[in-house]
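Below is one structure; the comments refer to it alone.
The values are calculated or read from the model by the stated rules, or taken from the named source; none is laboratory data. What you see is a predicted model; the values in this text were computed from it and never measured. Virtual Cβ from ideal backbone geometry, glycine too; neighbours counted across all protein chains shown.
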Number of protein chains: 2
Amino acid sequence: MPRRLESTPRSDGYHMPAEWERHDGCWMLWPQRRDTWRDGGKPAQRAFVEVASQIARFERVTMGVNRDQYENARAMLPPQVRVVELSNNDAWMRDMGATFVINEQGDLRGVDWRFNAWGGLDKRMYFPWDQDQLVATKMLEIEGIDRYAAPFILEGGSIHVDGEGTLLTTEQCLLHPNRNPQLSRAQIEQGLADYLGIRHIIWLPLGVYEDETDGHVDNICCFTRAGVVVMTWTDDRSDPQYARSAAAYEALMTARDAKGRRLEVQKIHQPAPMTMTPEEASGLDVVDSAFLRPEGERLAGSYINFYIANDAILMPIFGDRQDAAAAQTLAELFPQREIVQIQAREILLGGGNIHCITQQQPAGG
Amino acid sequence: MPRRLESTPRSDGYHMPAEWERHDGCWMLWPQRRDTWRDGGKPAQRAFVEVASQIARFERVTMGVNRDQYENARAMLPPQVRVVELSNNDAWMRDMGATFVINEQGDLRGVDWRFNAWGGLDKRMYFPWDQDQLVATKMLEIEGIDRYAAPFILEGGSIHVDGEGTLLTTEQCLLHPNRNPQLSRAQIEQGLADYLGIRHIIWLPLGVYEDETDGHVDNICCFTRAGVVVMTWTDDRSDPQYARSAAAYEALMTARDAKGRRLEVQKIHQPAPMTMTPEEASGLDVVDSAFLRPEGERLAGSYINFYIANDAILMPIFGDRQDAAAAQTLAELFPQREIVQIQAREILLGGGNIHCITQQQPAGG
């Protein structure tokens, strides 16, 4: 049933809906790399089980698993989570998975981006990433959904959309020479327009300090509804994050969206700076071909890396004194949704958070 | 969504429908073992592509593939065949796959049999079979269908049912000490009743000569509708198959089905005895832990190993002078269905045929 299409979503009348629009379900991948996840992946697996279990209260969840972890994942996950074989090199479904697009009739299709493990051979997170590259194809095959193969590199975490024609991203990531050096800014903008059906791009200069993704937008800022964004902030001018958040704020305050609206910009204060402990670092395999995660490394902690599920927000918390205020702000921004707080340090240790490990499948018509 | 159930299909009101009842689709697995399939699996892969392509004219087909063959299978198969990752040790979906059962409301569930590679450690076809054992679970997870885990060994090819309470099998296979030596005939009959919802068993003594499955019924005899069976036959009294077919015929002529009916028994003359050629045998890897397939070995060729699809019969042919008569008999037995003839020697070389590599998923209500 699934076909590979040679046209583009835009030419066929498809666009990426906003994350807050109704979902058919959520896709995740199971963590197991010993050089990303400490102690053989066990603490991260428990955190992923918590995320999947909580999302499954609100929508269907499918967990993709390598074959050597299939039985363990099936045993650790509750029965309402569907487990399927879906080979991968690591567990960042947001970045490896298909991005779903929809047309006015409610038909779904998938966009399969090229993937180079966040930077290719010069600055990769690991090698190889051959199985990651096939994740989007395989999830679309399981669902029987047609596929567009986009001819450039993109990770799902590097974009956010309002579903009304506006895309939010960072120059740090999308214009980085380790992604698509052969493409100009104008060509990248055209690619986003063609494959996501958007008409206007808001560029932020930088992502979160020490974010190993080269500044994915989904850790610094996202839409909460059309015309409203929320971003990570710090009042501490001595923190390297300050200038980054200030620059983002300035860009947002002067921006207009695709419909010509000015944006309402909400801030959430970041958690206090966190670093990897010696015990955490010593739980990782050291592998020459993978990104080194030494003790003392600053972790790119942010409350913005949440997932919008049907009727709920799944937000990371860190046992920080800012946790409560962050949850309060999200409750005000999403008054119709339950705010589910998840202790997420074990996900953050791997280099991302709840939004990075999830990918929504919109509800069809 | 999928659950593992601790009850039995019979106690829950489920039974296995006949193969000629409406299908939602067909499951297959992709051949790649170099010790089963000659020349690196390429000739068999072409034959499986032909089977899948032909079935896909009549019903949805899903092909399960190991990850190292995913891209090759996707490229060789037509787009209308769905390809999913489904790790396996070999490609006999009939024997490793789930057997579907249905209730009066049209709800589907799956039976997951124990599997020991046709004989366990003493007479296995290969070692290990760890991935085969998980095939049924995984296909049911993909579909979100609840699962019964049967507590005994059974391959789907060792049974046929009429959907009205009757099961057809062979003593050679189901009572073989390499399957369930701890169970008596009465206990096996109870297990079949509990997990397939059947009320009466017709036992044939033996399967086809030199059939390496220990005499699976699906190579010697099957129902074509309630009250009618078709079996493989030979007029050559010097052929070792003669006594086997004669014994089956005698058992069938004296049998009654679950509804008390006598059976109408149709015969199809077997193809002339075939053996593995030196060229074919030399295309196989020799592996100590796997079944040896030497040149000159008699192949268990039979026209009975066909698949009943929606509106079609997929039958094996061998370039034999009996091909046309076999097709004619099947056309008479299935007057409403198109008879699709498939050159199947490459499947037979692996030890089975079209019925062995397919598994129907009945249509739900």
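Scanning region A:143-163 for residues that are surrounded by fewer than 24 Cβ atoms within 10 Å (Cβ to Cβ) and more than 16 Å from the chain's Cα centre (by Cα) turns up A:Glu143, A:Gly144, A:Ile145, A:Asp146, A:Arg147, A:Ala149, A:Ala150, A:Pro151, A:Phe152, A:Gly163.
Going through (1) crowded, with 21+ Cβ neighbours inside 10 Å; (2) more than 11 Å from every other protein chain (Cβ to nearest Cβ); (3) touching an Asp or Glu at 6+ places or on another chain (Cβ under 6 Å); (4) farther than 23 Å from B:Asn305 by Cβ one by one, B:Arg34 falls short only on (1).
Counting only helices (runs of 4 or more DSSP H) that fall entirely inside region B:1-87 and contain at least 3 residues that are free of Cβ contacts under 8 Å to residues at least 12 places away in the same chain, the qualifying elements are B:70-76.
For the residues B:Leu174, B:Leu140, the requirement of being within 17 Å of B:Ala193 (Cβ to Cβ) and at pLDDT 95 or above singles out B:Leu174. Contact map, region B:279-305: first residue at positive phi, second residue among the hydrophobic types (A, V, I, L, M, F, W, C) and in a loop (DSSP other than H, G, I, E, B), Cβ cut-off under 7 Å, separation 6 or more or different chains; pairs are B:Gly296/B:Met276. Scanning region B:306-323 for residues that are buried (at least 21 other Cβ atoms within 10 Å of the Cβ) and free of Cβ contacts under 8 Å to residues at least 40 places away in the same chain returns B:Ile313, B:Met315, B:Pro316.
Among the conditions (1) over 16 Å from the mean Cα position of the chain (by Cα); (2) surrounded by 19 or more Cβ atoms within 10 Å (Cβ to Cβ), the only one that B:Phe127 does not satisfy is (2).
Pairs linking a residue in region A:119-147 that is more than 11 Å from every other protein chain (Cβ to nearest Cβ) to a residue that is aromatic (Phe, Trp, Tyr) and not in a loop (DSSP other than H, G, I, E, B), with Cβ atoms under 8 Å and 6 or more positions apart or on different chains, are A:Ala136/A:Trp113.
Every condition in (1) within 14 Å of another protein chain (Cβ to nearest Cβ); (2) buried (at least 24 other Cβ atoms within 10 Å of the Cβ); (3) polar (S, T, N, Q) holds for B:Thr166 except the one numbered (1). Scanning region B:150-171 for residues that are among the hydroxyl-bearing types (Ser, Thr, Tyr) and within 16 Å of B:Tyr195 (Cβ to Cβ) turns up B:Ser158, B:Thr166, B:Thr169. Apart from one condition, B:Ala248 fits all of (1) touching a residue at least 24 places away in the same chain (Cβ under 8 Å); (2) in contact with a strand residue (DSSP E or B) (Cβ under 7 Å, 6 or more places away or on another chain); (3) surrounded by fewer than 16 Cβ atoms within 10 Å (Cβ to Cβ); the exception is (3). Hey, could you check region B:224-234 for residues that are within 13 Å of B:Ile268 (Cα to Cα) and in contact with a Ser or Thr (Cβ under 9 Å, 6 or more places away or on another chain) and say which is surrounded by the most Cβ atoms within 10 Å (Cβ to Cβ)? Across region B:224-234, the extreme among qualifying residues is B:Thr232.
Residues are listed down the side, and each one gets a yes or a no for (1) within 12 Å of chain B (Cβ to nearest Cβ); (2) under 18 Å from A:Asp132 (Cα atoms); (3) hydroxyl-bearing (Ser, Thr, Tyr):
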residue: A:Ser53; (1), (2), (3): no, no, yes
residue: A:Glu59; (1), (2), (3): yes, no, no
residue: A:Ala73; (1), (2), (3): yes, no, no
residue: A:Met76; (1), (2), (3): no, no, no
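Restricted to region A:99-218, the set of helices (runs of 4 or more DSSP H) holding at least 1 residues that are basic (Lys, Arg) comprises A:132-143, A:185-196. Of the residues making up region A:88-98, those that are touching a Leu at 6+ places or on another chain (Cβ under 6 Å) and outside any helix (DSSP H, G or I) number 3. Inspect all residues belonging to region B:265-286 and state whether any of them is among the small types (Gly, Ala, Ser), surrounded by 14 or more Cβ atoms within 10 Å (Cβ to Cβ) and within 22 Å of B:Ile313 (Cα to Cα). No: region B:265-286 contains no residue that is among the small types (Gly, Ala, Ser), surrounded by 14 or more Cβ atoms within 10 Å (Cβ to Cβ) and within 22 Å of B:Ile313 (Cα to Cα).
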